[in-house]
1. If you put +1 on each Lys and Arg Cβ and -1 on each Asp and Glu Cβ, how big is the dipole of the chain around its Cα centre, in Debye rounded to 20?
2. Work out how much length T143 to D94 would gain on full extension: take 0.36 nm times their residue separation and subtract the Cα-Cα distance, in nm to one decimal.
3. Which net charge results for the neighbourhood of S90, defined as the other residues with beta-carbon distances under 10 angstrom from its beta-carbon, given Lys and Arg at +1 and Asp and Glu at -1?
4. Using the Cα centre of the chain as origin and beta-carbon charges of +1 (Lys, Arg) and -1 (Asp, Glu), tell me which of A28, I8, Y66 is placed farthest towards the positive end of the dipole.
5. Could I have the simple spin-label model distance between T136 and V81, label points 7 Å from Cα toward Cβ, reported in nm to one decimal?
6. So if I place +1 on the C-beta of Lys and Arg and -1 on the C-beta of Asp and Glu, and nothing else carries charge, what would the dipole magnitude of segment 100-153 be about its Cα centre? I want it in debye, nearest 20.
7. Does a label point 7 Å from the Cα of N27, set along Cα-to-beta-carbon, have any residues of segment 123-154 with amide nitrogen under 17 Å, and which are they?
8. When the Cα atoms of segment 24-107 are enclosed in a convex hull and the volume is divided per residue, what value in Å³ results?
Amino acid sequence: MADGVFNISKGRVNEFQNRVNDNDPANAVIGVMILEVSEATATLEDYDTISALLAGSNTESAATNYARLINDDTDLAGSAVDDTNNRHESDMPDQVWSSLGPGNATVRIVTFYDDDSTGGTDANLIPATWHDFVVTPNGGDVTATINASGYFRAA
């Protein structure tokens with residue numbers, strides 16, 4: 001396992017981040033979900049929607065108090081160009097699930113782009129990145145720092 005980018009989002013994650021930050025469209029968000037079961041990278045990266053991902057051999061968390069987290073323009077800054085290190089990065093705040101569990105051990109976090117958080121379905125959600133996240137929910141708060149250097153970097 002490792003961190004990665006879904007094929008449909010390669011070259012687009014910073015665009016998604018900027019669209020949310022710029023409120024364009026108004027209800028755009030970057031969401032975060034937890035997987036208890038995840039397929040191998042070679043299979044995972046080919047999914048184009050969250051509904052397709054969940055129709056495969058991937059299982060979303062069923063822990064008590066679990067819900068997908070949503071990051072809107074008030075949570076996210078635009079992507080940042082780093083000319084010194086020749087890269088372009090996007091970051092998000094730590095993600096916190098309160099009183100999560102009990103539940104099965106987790107394996108990954110998936111970020112996704114939703115251009116209309118008021119009416120979309122899983123078939124409209126574009127998977128962006130995945131990150132290893134191994135924790136066994138026990139009823140306490142669970143915090144995910146997806147990557148201390150940012151959840152996505154184009155270099």
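Every number in this text was worked out from the coordinates using simple rules, so none of it is lab data. Keep in mind the model is a prediction, meaning the values are calculated, not measured. Counting neighbours? That spans all protein chains shown, and the Cβs are built from the backbone with ideal geometry, glycine included.
1. Working: 7 positive and 24 negative charges, 64 e Å.
Rounded to the nearest 20 debye, it is 300 debye.
2. On the way: separation 49, 0.36 × 49 = 17.64 nm, distance 0.65 nm.
Contour length minus Cα-Cα distance gives 17.0 nm.
3. Numbers: positive: R153; negative: E15, E89, D91.
Local charge sum for S90: -2.
4. Y66
5. 4.8
6. On the way: 2 positive and 6 negative charges, 54 e Å.
About 260 debye.
7. 123-126
8. Numbers: hull volume 12.7 nm³, N = 84.
Dividing the Cα hull volume of segment 24-107 by its residue count gives 151 Å³.
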